[in-house]
Every structure is written in structure tokens, then in C-alpha cells.
Amino acid sequence: MALAAVATASGAAVAGPARAVQDIEQSVEFHSADVTLHGTVTAPAGAARQRRPGVVLVHGSGPETRAKYRAEAQAMARAGFVVLSYDKRTTGYSLTQRSYAQLADDALAGVQVLHGRADVDPGKVGLWGFSEGGWVVPLAASRSAEVSYVVLVGASGVSPARQSAWSLENKLRHEGVGGSLLRTVPVTGTRFLADARLLPEADYDPLPALRRLRQPVLAVWGDDQQSPPAESAVAIAKALRDGGNTDVTLRFFPHADHKLHTSRDGFERGEQLVPGYVDTMAAWVAGHGHRTNDAPPHQARRSHAPAPLPAYEASGAQTAAFVLMVVSFAAHLLGELVRLLRRRPCAPGAGRAPRWLAAAGLATLLGFLGYFGFVTMTLTPGPVLGNRPVFWLALQLLTAGTALAAVATAVGWWRVRTSVSGWTNARLGLLGLASTLFLAWALFWGLTTP
């Protein structure tokens, strides 16, 4: 499908050098199903006097606002596009809730905004999707003939859970982390969060929507460390061609990050867009850019789909076990505190070892909960000693101490089991149950492995 020119054959923008263009920005408000969305239309100077291609920018994950896409909007306007960027919905979208179908509706509502403008050619309105938008945009475009072309930036051809696990491991490796934490957070953590429905759309399959696409597709990647670039390029191209779409162009830009900003290593993000990226997009939309594919970049590690948790390791069972362990350890410590305040003697077999067991076990459980949340939210492991995070080493030492205290408690209880009261046996029995659960829990989460 040929699209009219917005750039010269050499790829230089018709609008001329950036310093000669003053962007025109206009605030807009539009409706999508249950929400009112707010955005900005950015157009090159003089756009009102001629019809130009339009493009709607669709966000990556998180509570994204149009401000985060101003560099893209301005660069595309200078390249001859009329650009709509908007604040992502907050209704129905959070860390634990989202619907790609709903986000696709929002994107199509943005397409309608551009279709209604006098400075936009309604036959040349496309969707640009970054990261999560790479899942949303094909879904939207496959449902509307009013979308003329699709541009995917840092798109993933695998499920969100698989992409998340690959990305998390890359980040931890980049921070110098080795050992069991490399499995605990990316793999075990992803499996748990997906099972608990805390990773929304975790198993979304992007390929069916891609197979339904009929519009020309330009997909671009940098030195991507968040979406597996080589795998995604192969999967996306195959899905499109399996659906009969042969107008597919794959481009790769070195020294760029996930968002196509300049980067030394794919992790650090610069302020500037990588040179040539927007010009390539403009020339491609114009029909002057080459439609042959670049060779996929080297990808050091393949991604792997996290396996579903079996029933006995499911998030519900683990949450119940976690609560039981916390309550058991805390109750024992509270009972010991009451005993000390009342100056009652310690029952045989219920002395120092059980207290150490309860204290170390409770500290490990609460410390792990806090540290796991910290790593998954900040994507940083904290201080690293050798290739082990200091906090992770501390948790592993606490785990070892808990295990030793559990053995000592079991031995002491066995020796006095027939000579102590039923209440003492009940307290120590509950502590023994919590200890057994604790050891299985620690093994699952990698706290017992190097």
C-alpha cells in the first residue's frame, strides 16, 4: 500500500532543518468508552495550510503521560507529521489491572481526533506503539481500516510474563548480580506474580492480532534490553506474513535503548533520539524508505516462558502458608514476652532455641517480603558484594540460622515431649509446623541455594 510523500527520497524531512521549524501545540480532549482523555496535538509550522500524515503515540507500560513523549512528538512534527500524544487512562489501569483491548479503544479514539482535523490527511493516519504499546497498537489497527500504517518501537513478540522475566534478568546481570537471585526475581517472582494476578495480561499472546494486520508495518529496535529484539523481530515478521501481510520492514539502530533514545549500552537512556530513527520513519511512511529488513542483532540470551505454578506452590497456598508462618513465629515471641514480663519460669524444651527460631524466621519472612518488593519495584538489588547483593546474603544467613534453630528446637522438644504440659507441646508443635513450611518456602524462593 503506497503512502504519499512527507519526506524527500534521501530521507530528509520536507519541513526542513529543525531550527527552521516552530512546533504548534494544541491541547485536546476526547472520549473513549468510559473515560475522557487529555492530549496534545503537535504539528509543524504551516500544517494548517496543507494536509499531512498523522500519527497517534501509544504509551509504554505504567502511568504514562504525554510529557514523556514530547521529544518524539516534536521530532516527528519536524519531520512533517501531525502528532497526537495523550495521558494514559487511570480508570481501569494500574500496576495490577489493565486491558489491552481497552487501551486499544483509547488509541482508536485518538485516531478519530486526527481524522477530524483539517491539517491531517485522513488516508494517512497511523499508530505508533512503544513497548506495551507494541501489544496494544496491532490489536487496535487490526480492528480499524482507518489506521493507515503501524510503527512499532521496542515491541515484544512474546508474552508480557516472558518479556518481564527476560528484562528483569538483564537488569540484574547489568547490576553485577549472580547466583540464586537471578532466578528468584525474574523467574520465580514472575511465576508467582502472574499466578496471583498481580502481573496483568501476563499471558497475552501478541501473535493473533499481528496475523490480522493488513496495514504496512515498520518495526524498530535499539540495543534492546527490555524486549528480546532478535526473537521479537522473527516472531513479529512471521506472524504478519502468516496472515498474508508482506509489507513488513524491520530496522535496528545501534547505540540506542528500548525507546530509541541514545544509549551506550542499551540500559542508560539519553535525552536525544538516536540519529536517523525519525527520518527513517518519515521516509518509510512516504514510500521512499527501503523496505528490506536489517539483519537481527546479536541477542545474548533467549527468553523463556515461565511455567505455571503447580497447585501446591500456587500463590493462594503460598500466601496462606506465609501468613501461618508469620503468625506462628510472632505468637511465640509474644508469648515469651508475656512470660518474661510476668516472671514465669521457662518450660523445659521451650527456651533459647525456640526463641531464636521464631525471631530469625520472622525476620527472614518480613525481610524477604520487603526486599523482593524493593527489587521488583526499583529494578535495583542494592549494594553488591562480589556478585551477591548484601541484603540477599543477609537473608540467606538468616535462613541458615532459622534452619539451625529449627533443628535445635526439634531435638530439645523430642527429649522433653513426655514431661511437659499439653500447652507447651501445642506451642512447640505449632512452631515445628511453621518451621517445616519455612524450609519448603525458603527452598522455593532460592534462599537455600548459592
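Structure notes:
- Relative contact order for the chain, counting Cα pairs under 8 Å that sit 6 or more residues apart, in percent: 15
- Counting charges near Leu103 (Lys, Arg +1; Asp, Glu -1) among other residues having Cβ under 13 Å from its Cβ returns a value of -3.
- Sorted peptide list for 84-90, 35-41, 131-137, criterion being average Cβ within 10 angstrom, highest first: 131-137, 84-90, 35-41
- Using θ = phi - 60° and Karplus 6.51 cos²θ - 1.76 cosθ + 1.60, couplings along the stretch 250-258 (whole Hz; Gly, Pro as x): 10, 10, 10, 10, x, 6, 9, 9, 4
- Share of carbon and sulfur in the accessible heavy-atom surface of the chain [1.4 Å probe, %]: 60
- Most positive-pole-ward Cα, Met325, Ala165, Gly367, against dipole of the chain from beta carbon charges: Met325
- Formal net charge of residues neighbouring Asp121 (Cβ-Cβ distance under 11 Å; K, R +1; D, E -1): +3
- Cα gyration tensor shape for the stretch 191-289, rounded if a/c is under 1.5, else prolate or oblate: oblate
- Surface per residue (accessible, 1.4 Å probe) for the stretch 40-117, Å²: 35
- Hz values of 3J(HN,Hα) by residue in the stretch 322-328 - Karplus curve (6.51, -1.76, 1.60), Gly and Pro given as x: 4, 5, 4, 5, 4, 5, 5
- Total charge dipole magnitude, the chain, about the Cα centre, Cβ charges on Lys, Arg, Asp, Glu only, Debye to nearest 20: 1540
- Measuring nothing but how far apart in sequence close Cα pairs (under 8 Å, 6+ apart) lie, relative to its length, the stretch 63-118 scores a relative contact order of 32 percent.
- Reported label for calculated Kirkwood radius over Cα pairs in Å given (1) 22.1; (2) 24.7; (3) 23.9: (2)
- Here the stretch 43-121 is treated with +1 on each Lys and Arg Cβ and -1 on each Asp and Glu Cβ, and its dipole about the Cα centre works out to around 220 debye.
- Residue-normalised accessible area of the stretch 173-304, given per residue in Å² at a 1.4 Å probe: 43
- Relative contact order [Cα under 8 Å, 6+ residues apart], the stretch 235-392, whole percent: 12
The values are calculated or read from the model by the stated rules, or taken from the named source; none is laboratory data. Everything numeric in this text was worked out from a predicted model, so none of it was measured. Methodologically, a virtual Cβ is constructed for each residue, glycine included, from the backbone with ideal geometry; neighbour enumeration extends over all protein chains shown. Surface areas here come from the heavy atoms of the whole protein model, side chains and all, with no ligands, DNA or RNA. Shrake-Rupley method; radii C 1.70, N 1.55, O 1.52, S 1.80 Å.
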